[in-house]
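K.L.:
The following block contains the structure, expressed as structure tokens.
What follows is calculated from the coordinates using simple rules that are stated; it is not laboratory data. Quantities reported herein were computed from a predicted structural model and do not represent experimental measurements. Reconstructed Cβ throughout: ideal geometry from the backbone, glycine too, with neighbour counts over all protein chains shown.
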Amino acid sequence: MSKHPLQTALLAAACTAAFVAPAIAQTAPASDPIAARQALMEQNGKDTKTGADMLKGAVPYDAAKAKAIFQGMNDVAAKFGGLFPKGTETGGKTEAAPAIWTKPADFKAALAKFQADTAAAATGDLSTTAAFGTAFGKVTANCKACHESLRVKKG
């Protein structure tokens, strides 16, 4: 064991990154933007479910996990906007609405709001379930707004 805790922590982080980065790359292939954005939305869905379960008391509230949820959503928000090039309006079971391409300013504004709200939530007070609930409500309102105007539900 190292006598320097900082060195040990940095080594652990580097080892973790070596294993996690390839796994993340596999979930979002750059050559298939539809699959990449679907993988990101799937991760947001998992994070949302975990957050909802904490609020309902189905799982114990964990402030560190709450922060990780918002950090994950913010990471998705940072990557998501570049995954809608022309030519990806259809195919791959996409649920992206035509408005993403016909009203790009609306899409960019919605994405910027989601980025800002998830960043604020990730760095805000999450010390209590109530504080998390307030932030979670604000962030998930972004999700709902986009799903209503920028998503076509496929049956």
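K.L.:
Please report Val152, Val139 as a ranked list, fewest other C-beta atoms within 10 angstrom at the top and most at the bottom.
P.N.:
The order, fewest Cβ neighbours first, is Val152, Val139.
K.L.:
List the aspartates and glutamates whose Cα lies under 16 Å from the Cα of Lys144, skipping any in the same chain that are fewer than 8 positions away.
P.N.:
The reachable aspartates and glutamates, counting only those whose Cα sits under 16 Å from Lys144, are Glu42, Asp47, Glu95, Asp106, Asp117.
K.L.:
Let me ask something additional. If we count other beta carbons within 10 Å of each Cβ, what is the order of Ser127, Ser149, fewest first?
P.N.:
Listing Ser127, Ser149 from fewest to most nearby Cβ atoms yields Ser127, Ser149.
K.L.:
Out of every Cα-Cα pair in region 31-138, what percent are more than 21 Å apart?
P.N.:
I get 41 percent for the Cα pairs in region 31-138 exceeding 21 Å.
K.L.:
At 7 Å along the Cα-to-beta-carbon direction for both Ser149 and Ala78, put a label point, then send me their distance in nm to one decimal.
P.N.:
It works out to 2.6 nm between the two label points.
K.L.:
If amide H atoms are built 1.01 Å from N in the plane of the peptide, which residues on other chains or at least 5 residues away come under 5 Å of the amide H of Arg151?
P.N.:
Ala97
K.L.:
Something else now. Using 0.36 nm times the number of residues separating Glu42 and Ala109, minus their current alpha carbon distance, what extension gain do you get?
P.N.:
This chain segment gains 21.9 nm when fully extended.
K.L.:
Run the reach check for Lys138 against lysines, Cα to Cα strictly under 25 Å, same-chain hits fewer than 8 apart removed. What comes back?
P.N.:
Here the lysines satisfying the reach criterion relative to Lys138 are Lys46, Lys49, Lys56, Lys65, Lys67, Lys79, Lys103, Lys108, Lys113, Lys153.
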